[in-house]
Amino acid sequence: MTFEEKYSQYKSAFEKRLSEFCNNITCKPDILAESMKYSLNLGGKRIRPVLMYAVSNVLGLDEGKIENFALALELIHTYSLIHDDLPEMDNDDFRRGKPSNHKVFGQGNAVLAGDALLNTAYSLLIDECRNGGEYVSAAKNICDCAGIYGMIAGQSADLTHENDEDPDENTLDFIYENKTAKLVLAAVLTPSILCCGKYFSELKVFGRETGILFQLTDDILDVEGNFDVLGKSIGKDKAEGKYTCVKLYGIEKSKVKADVIADKCTRVLEGIKGDTRFLKELTNFIRQRIY
């Protein structure tokens, strides 16, 4: 099976669970349900769910044990995108080639849609905790990665350091690791935690570096990409004074750093017994977004 076929298989498995979830959203008023489903159904690569399914496959974990964790993580990711697009944050009118949630439903309803997705994600995670101690640990890890010691901290730092005149590597690393890498790490570590920590150390490195690689390529694409491919506005990082690898290192050095991190991801996978070819190809897929 080719990489593309395997990716499609994992993505389709997740989309089936997501479709079931969306079909069962019956909350009132209707605009709340509509705004939640709107952003969930905008599409995207579904990198985090695909990673969770792929790592589960490597570890021999049944997909049924992680599908609700993958769903909860995607709800959290989607809420963060809705809030990220708001005028008070990154102020973007487009997401995945379509109008942002607040452009369709208004800013107030967009905030509430994001809040609803986050709270529903936590409800899903709490339900999973009934299945045993390892499920509690997996749920807590996702919550921690999304919270004040994870994504929210990274988003806050991203806003705080806009227009800094003297960017430094430590601040950039903090933003990358928390804003983006923590949710990727959550996707990778959840199957390990459910397998009583199998290959936890190796997967922790892989997850962190893969998340950083994704943000590196995202920042580069903000300079060299185009709207038709990315589905969002281009050139906003520089206009808003964002703390990015391009601002700190320049384009060419940023590309070199992306190559180095991709190689590190591939090397750490060598320490895992099992078929890790898809994960290696996925690393290359993320890296090649910049070329």
**OP:** Evaluate the charge dipole of segment 28-132 about its Cα centre and quote only its size in Debye, nearest 20, assuming +1 on the Cβ of each Lys and Arg and -1 on the Cβ of each Asp and Glu.
**Re:** 240 debye
Subject >> Cα-based shape type of segment 72-144, given that a ≥ b ≥ c are square roots of the gyration tensor eigenvalues and the cut on a/c is 1.5 >> reply: prolate
**OP:** Go through segment 64-78 residue by residue and turn each phi into a ³J(HN,Hα) via Karplus (6.51, -1.76, 1.60, θ = phi - 60°); whole Hz please, and just put x for glycine and proline.
**Re:** x, 7, 10, 4, 6, 5, 4, 5, 4, 5, 5, 4, 5, 4, 5
**OP:** Output the pairs from Lys140/Lys179; Lys242/Lys280; Lys45/Lys253; Lys179/Lys255 with a Cα-Cα distance over 23 Å in this structure; if there are none, say none.
**Re:** Lys242/Lys280; Lys45/Lys253
Original post:
For the chain, modelled as a GNM with alpha-carbon contacts under 10 angstrom, which of Glu67, Glu209, Glu224 fluctuates the most?
Top reply: Glu224
Original post:
Hey, with R₀ at 30 Å, roughly what FRET efficiency would Glu134 and Thr160 work out to, going by the Cβ-Cβ distance, to 0.05?
Top reply: 0.25
Original post:
From the residues Pro167, Val260, Phe14, which one has its Cα farthest along the dipole of the chain in the positive direction, the dipole being from +1 and -1 charges on Cβ of Lys/Arg and Asp/Glu about the Cα centre?
Top reply: Phe14
Original post:
Once the dipole of segment 1-118 is set up with Lys and Arg at +1 and Asp and Glu at -1 on Cβ about the Cα centre, which of Asn41, Met89, Gln107 lies farthest towards its positive end?
Top reply: Asn41
Original post:
If you roll a 1.4 Å probe over the heavy atoms of the protein chains, what accessible area per residue do you get for segment 1-132, in Å²?
Top reply: 44 Å²
Original post:
Roughly how many whole Å is it from the C-alpha centroid of segment 251-291 to that of segment 1-59?
Top reply: 24 Å
**OP:** Counting only C-alpha contacts under 8 Å and six or more residues apart, can you give the relative contact order of the chain as a whole percent?
**Re:** 19 percent
**OP:** For Asp222, Asp173, give the ranking by accessible area with the largest first, probe 1.4 Å.
**Re:** Asp173, Asp222
Original post:
Over the chain, what percent of the accessible surface lies on carbon and sulfur atoms, probe 1.4 Å?
Top reply: 50 percent
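The values are calculated or read from the model by the stated rules, or taken from the named source; none is laboratory data. Just so it is clear, the structure is predicted and the values come from calculations on it, not from any experiment. With ideal geometry, Cβ positions are generated from the backbone for all residues, glycine too; neighbour counts draw on all protein chains shown. Each accessible area value is taken on the protein alone, full model and side chains, heavy atoms only, with ligands, DNA and RNA left out. Shrake-Rupley method; radii C 1.70, N 1.55, O 1.52, S 1.80 Å.
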